[in-house]
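Everything below concerns the one structure shown next.
Coordinate-derived values only; no laboratory data. Values in this document were obtained by computation on a predicted structure and should not be read as measured data. FYI the Cβ positions are ideal-geometry reconstructions off the backbone, even for glycines, and counts take in every protein chain you see.
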């Protein structure tokens, strides 16, 4: 049976000012939405079983990371009020929990890589993305899951907008002239992964390092330049996928 999977926010906002909620009312609203957008709605491609498993593994990894960071944060906060003896005791008691979570996270990451290797199409796009500066294993797997292995043709701008690294203008006539800023609706986890990748790209690749230094000299803010670099990374990711060729670094350092 053909199934369409769409954006839940787009569906909800299409109702306008809606009051009340029941199963009967929701079914009528869904039918009305499909009727109005029947020309744009297309059946969603079949979901890849390997990607479904990868999504579950990613979700599990995220939860374990949050638990580990929560424990570490709690211990660090106790430094303010605890004496040295009590603080050492807290560190000792929580050490095994942190090490256990770290071990589980590493096992999940190994399992994800094994899952990627089991599907030829997924593995090909995975390796292509790894050729892009700043894109690591977890980031590549995350993008594969978000795009369903690029089953739906996603442009670089769309992916960058989804990750929340594209600034949008906020103005109206001559009275409202707000600064350009990214939208609050973004995949925060993907954005965080891209931030780490962008920082490593600035340190390891002259192309991004020179760009960062040039923009900072022009008076741009650190976060603005960082968002621009993350945008560049995603544009390159989509480019290598569309061309099915590894990224070629043709950048020449200015003399």
Which value in nm describes the separation of the simple spin-label points at residue 170 and residue 155, placed 7 Å from the Cα toward the beta carbon?
-> 2.4 nm
Could you list, bin by bin from short to long, the percent of Cα-Cα pairs of the stretch 5-108 in 10 Å steps?
-> 11, 23, 17, 18, 17, 11, 2
Assuming 0.890 mPa s and 25 °C, estimate D for the stretch 1-44 with Stokes-Einstein, Rh taken as the Kirkwood radius over Cα pairs, in µm²/s.
-> 216 µm²/s
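Quick one: grab the alpha carbon gyration tensor of the stretch 49-118, order the square roots of its eigenvalues as a ≥ b ≥ c, and give me rounded if a/c is under 1.5, else prolate or oblate depending on whether a/b is larger than b/c.
Working: a/c = 5.86, a/b = 3.11, b/c = 1.89.
Prolate, because a/c is 1.5 or more and a/b exceeds b/c.
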Please identify, among 115, 129, 90, the residue showing maximal mean-square fluctuation in a Gaussian network model of the chain using a 10 angstrom Cα cutoff.
-> 90
Whether the stretch 133-254 is rounded, prolate or oblate, judged on the alpha carbon gyration tensor where a/c under 1.5 counts as rounded | oblate
Rank-order 233-243, 171-181 by packing density, defined as the average count of other C-beta atoms within 10 Å over each peptide's residues, highest first.
-> 233-243, 171-181
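Please state the equivalent ellipsoid semi-axes for the stretch 115-179: what are the square roots of 5 times the Cα gyration tensor eigenvalues, largest first, in whole Å? Mind showing how you got there, number by number?
On the way: eigenvalues 237, 28, 13 Å².
In descending order the semi-axes read 34, 12, 8 Å.
So what is the 222 nm mean residue ellipticity for the chain from helices alone, if each DSSP H run of at least 4 adds -39500 (n - 2.57) and you divide by all residues, rounding to the nearest 500 deg cm²/dmol? Intermediate values should be presented prior to the final figure.
Details: 10 runs with 165 residues, N = 255.
For the chain, the value works out to -21500 deg cm²/dmol.
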Of all alpha-carbon pairs in the chain, indicate the percentage at a distance above 24 angstrom.
-> 63 percent
Would you mind computing, in nm to one decimal, how far apart the modelled labels at residue 80 and residue 98 are, each placed 7 Å from Cα along Cα→Cβ?
-> 1.9 nm
